[in-house]
1. Give me the residue from the range 642-652 that is modelled with pLDDT of 90 or more and outside any strand (DSSP E or B) and, out of that set, nearest to residue 613 (Cα to Cα).
2. Residues 626, 655: which one is part of a strand (DSSP E or B), closer than 23 Å to residue 551 by Cα and modelled with pLDDT of 90 or more?
3. So is residue 371 of a type in the set (D, E, K, R) and either under 30 Å from residue 175 (Cβ atoms) or under 50 Å from the mean Cα position of the chain (by Cα) (or both) or not?
4. Return only the number of the condition from (1) at pLDDT below 85; (2) in a loop (DSSP other than H, G, I, E, B) that residue 565 does not satisfy.
5. Look through 446, 437, 418 and report the one residue that is in the same structural domain as residue 390 (by TED's automatic domain parsing) and surrounded by 12 or more Cβ atoms within 10 Å (Cβ to Cβ).
6. Can you run down the residue pairs with Cβ atoms below 8 Å, 6 or more apart or on separate chains, where the first is in the range 517-531 and more than 16 Å from residue 557 (Cβ to Cβ) and the partner is crowded, with 22+ Cβ neighbours inside 10 Å and among the small types (Gly, Ala, Ser)?
7. Which one of 73, 53, 78 is over 24 Å from the mean Cα position of the chain (by Cα) and within 24 Å of residue 166 (Cα to Cα)?
8. Do you know which of the residues in the range 317-365 that are over 27 Å from the mean Cα position of the chain (by Cα) and in contact (Cβ under 8 Å) with a residue 60 or more places away in the chain is nearest to residue 198 (Cα to Cα)?
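The values are calculated or read from the model by the stated rules, or taken from the named source; none is laboratory data. Computed from a predicted structure; not experimentally measured. Glycine gets a Cβ as well: all are built from the backbone with ideal geometry, and neighbour counts include every protein chain shown.
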Amino acid sequence: MPKRGAPPPLDDFDEHIVDTDVGDEMRASFLEYAYSVIYSRALPDARDGLKPVQRRILYTMGEMNLRSDRGHVKSARVVGEVMGRLHPHGDGSIYDALVRMVQPWSMRLPFIDGHGNFGSPDDPPAAMRYTECRMDEAAEAMTASIGEDTVDFKPNYDGRETEPQVLPAGLPNLLINGSSGIAVGMATNIAPHNVIEVVQALRHLIKHPKTDLDGLMRFIPGPDLPTGGKIVGLEGVRDAYATGRGSFKMRATARIESITPRRKGIVVTELPYNVGPEKIIERIKILVQTKKLQGISDLKNLTDRKKGLHLVIEVKNGFVPEAILEQLYRQTPMEDSFGINAVALVDGQPRTMGLKEMLEVYLEHRITVVRRRTAFRRAKAADRLHLVEGVLIAILDIDEVIQLIRTSDNPAQAHERLMGVFDLSQEQATYILALTLSRLTKLSRLDFETERDELNATIAALDEILGNETVLRGVVSDELAEMAKQFGTPRRTILLESAGLPATAAAPLEVSDEPCWVLMSATGLLARTADDAPLGDSAARVKHDAIMSAVRVTTRGELGLVTSDGIVHKINVLDLPSLPPTAHSPNLQGGVPLSELVSTTARPLALMPFDPTSPGLAIGTRDGIVKRIRPDYLANRDSWEIITLADGDQVIGAVQLATGTEELVFITSDAQLLRYSAELVRPQGRSGGGIAGIKLAAGATAVSFGSVADAAGAVVVTVAVA
């Protein structure tokens, strides 16, 4: 017999030794590891668009009741709870995922509201013991109704608790926020999109399940990146939407400005997705030091919380800023590519999906969630109705019920006698015995009867949803519309069809000074076209766009852009792309956005030529002021004021006069209209404040100002809104 503490004889181990080939063992272990990485860490589920760690963070925060209307808690507390209960893979990966769901430059729609230093595009966040967090409203929409049997649960890593296999996902997160991850033998990279556009496509797909890719791209023309910028060339986007694989170019948003009275510079306000300003600055410094890029005298990073991204690149005298900007696009990350590889888990298997398939998978999930939620609520309502009906039976014979309970020896006997005498179920009898006598009065009877009627109506409405697929899909569509209304924001990324040179590239010197038309569309695109190009009916051949203003100038001339703050911004015609003549209206899709030419947040109203022989410009304001302006021109200024506005006032319309005899028209918010000849308005200089153009009623404002050349043939319709 071996001594105590000594190892047992080797003979005792013979029957437990298994002879295994090393190659087979490595293959099996590697496959198990690959399976774990693919399904448990790297790839998102196509239904809720979340990786397991993201799903566990949101579910845990919901369980901790860290709602958007509650106070923030330490991030370390959330990370510890997630790691201890659901995700035993280390606090680093959990906190990294939490931080990303806070950052607005990483996610198009952040899910977590952070308090503290959560980093920047170039800098890491503070440690989790310093930062605080809570759920955002979007996260609440992702986890809403999770307690109503809407999704299946599975055991956690140690089998002591359960976790959801997928979230109810009130938002189509896979497309809205995109996803990126590297697994074993595969990877995923999906671009973010606009909430409103995705919801519109989903609602269209609900009504028209057989719609094709072109029909969906009417609503989702391309990605909408959190950092804005521009996407140049949409061929790769369409390929990605069709096959799940494709790439497109992202370009920074930059404009040429006068940095000093004698020097111009390039101001960068938006960068490509996942590109920080420090990367740009470092790359430019290297190019300047190695003399691969000349013409830059200074580079300043004026980014702050108020202005946002603001890089100022000062250009040396004698260099063309447009040419420098073209080199920056070509040699720095100011132009970068994004490769789409839309891989996600569908029915537990990795699958590469196109746009329509991603939308269909999400819709199928939401329909299932709403159906299960409706069945759960119907069962709850039916259970409550069953109890209410039992109480109403007891109230009808309340004296007999009380006598029966008083004469019973114990609660169990009272329970059995209630069931036998009044033909009640076990649940009804238990509920009645638990009620106080005050709930069995005549007044309470009215309350129970009202509740019974409401429950019957609720059950009927829920039965209609469960029994009619069209009604069910309508509920899904209506809920998506509410999500778009609550979380929708305007598009940030500009989509450009052409993948050629930027529109601000320097024009060749051999361009002659010929007459041309400069056109501005309603979406803020500017371009020039030949003098003999047909303008058609002033409707540009661009979806959801139209020509807003058109002036006749010369190729090497200058013109002004009038904005709602009463400012004229000077624009060089040569800076505008030249559109080829067409048989119909010009297509402004190749135009340049206003943000590349002028720095303003005001609304563009009209273009004006600097023609001293012109009758001038007429403008009207919200307070009913009208002003006729001489076509003054300041050669040494890029912008100047053309009217002194009172506090709270703004320009609502600008009219370039052709003859000076046009009829000026004001329309007010209370459906009043006033018209009179422009000859009655005396021209003023730049500093003039205008004259009273229309007398407004109390609380009313002017909402429209324009002109008509032939008042006798004009028809104006106003609608009074109560």
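1. So the first thing to find is which residues in the range 642-652 are modelled with pLDDT of 90 or more, and the list is 649-652.
Adding the requirement that they be outside any strand (DSSP E or B) leaves 649-650.
Numbers: 649: 30, 650: 28 Å.
Filtering the range 642-652 for residues that are modelled with pLDDT of 90 or more and outside any strand (DSSP E or B), the one nearest to residue 613 (Cα to Cα) comes out as 650.
2. Testing whether each residue is part of a strand (DSSP E or B), closer than 23 Å to residue 551 by Cα and modelled with pLDDT of 90 or more leaves just 626.
3. yes
4. All conditions are met except number (1).
5. Details: 446 fails: surrounded by 12 or more Cβ atoms within 10 Å (Cβ to Cβ); 437 fails: surrounded by 12 or more Cβ atoms within 10 Å (Cβ to Cβ).
The unique qualifying residue is 418.
6. 521/540; 521/591; 525/591
7. From the options 73, 53, 78, the qualifying one is 78.
8. Only one residue tops the list, namely 348.
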